[in-house]
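**Q** Okay, handing you the structure first.
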Amino acid sequence: MRRLVAALLLGVAACSARDAKDVVPEGPWGLGRAPTADELTAWNTNYNPTGKNLPPGQGTAAEGKAVYAAKCASCHGDAGQGMPPAYPQLVGKDPTDFSFDNDFKIPHTIGNYWPYATTLYDYINRAMPLTAPGSLQPAEIYAVVAYLLAANGVIADSAVMNAETLPKVKMPAHDRFVVDDRSGGASFR
């Protein structure tokens, strides 16, 4: 076991030393670097429930099934069933009564928990696939979203998802969430 740990530490050190020559440390602690303008633009997105700022492009469940198989299934399973313990289940509408708020063994899926379809687009855009976040093109993301929504019975298999149609999708759990209508001072926000 000690040899394994030592080998892993040496490997990390070697990778860090190799990569360190490419990065000029900045900041008060000498870590990292300031992002480029292109990097900021890529991450400075806001796809809220209204769909404002969603990019051009479109996709269908059939197109999304192929993208999902190539880029998502290795972690989330070939049918969105998840790969415990690390990768969550994506497909499943049960329970329809929101009873999982008292039973943490019941999975929270896109079909039974997510309140907005645009959040799905935003999350996939920012964080997926895990090995290359931000690598999917808008049409691929719309297609994967269409596939997952259709697999959860939220939209028809023939539906086309794009900047106009995605915000109009009413998720099964939409009315289960309470709007935060609190107000407060600067410390609250």
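The values are calculated or read from the model by the stated rules, or taken from the named source; none is laboratory data. What you see is a predicted model, and the numbers here were worked out from it, not measured in a lab. Ideal geometry is used to build each Cβ from the backbone, glycine not excepted, and the neighbour counts take in all protein chains shown.
**Q** Taking the stretch 115-131 only, how many residues are closer than 19 Å to Ala86 by Cα and either aromatic (Phe, Trp, Tyr) or more than 12 Å from the chain's Cα centre (by Cα) (or both)?
**A** Count: 2.
**Q** Kindly evaluate Pro167 against the criterion of being without any contact (Cβ under 8 Å) to a residue 60 or more places away in the chain and either under 14 Å from the mean Cα position of the chain (by Cα) or closer than 20 Å to Glu63 by Cα (or both). Give the steps one after another, and end with the answer.
**A** Numbers: without any contact (Cβ under 8 Å) to a residue 60 or more places away in the chain: no; either under 14 Å from the mean Cα position of the chain (by Cα) or closer than 20 Å to Glu63 by Cα (or both): yes.
When the stated conditions are applied, Pro167 does not pass them.
**Q** Across the stretch 118-149, which residue is modelled with the lowest pLDDT among those that are within 17 Å of Asn48 (Cβ to Cβ) and aromatic (Phe, Trp, Tyr)?
**A** That would be Tyr123.
**Q** Kindly establish whether Ser99 is surrounded by fewer than 16 Cβ atoms within 10 Å (Cβ to Cβ), more than 24 Å from Phe177 (Cβ to Cβ) and of a type in the set (S, T, N, Q).
**A** Judged against the criteria, Ser99 is not a match.
**Q** Restricting the search to the stretch 47-78, which residues are basic (Lys, Arg) and surrounded by fewer than 15 Cβ atoms within 10 Å (Cβ to Cβ)?
**A** Correct list: Lys52 only.
**Q** Taking Pro167 as the residue in question, decide whether it is modelled with pLDDT of 95 or more and either in contact with a helix residue (DSSP H, G or I) (Cβ under 7 Å, 6 or more places away or on another chain) or not in a helix (DSSP H, G or I) (or both).
**A** Taking the combined requirement at face value, the residue satisfies it.
**Q** Further question: Can you name the residue in the stretch 129-184 that is exposed (fewer than 13 other Cβ atoms within 10 Å of the Cβ) and hydroxyl-bearing (Ser, Thr, Tyr) and, of all such residues, is farthest from Ser74 (Cα to Cα)?
**A** For the stretch 129-184, the residue satisfying everything is Ser183.
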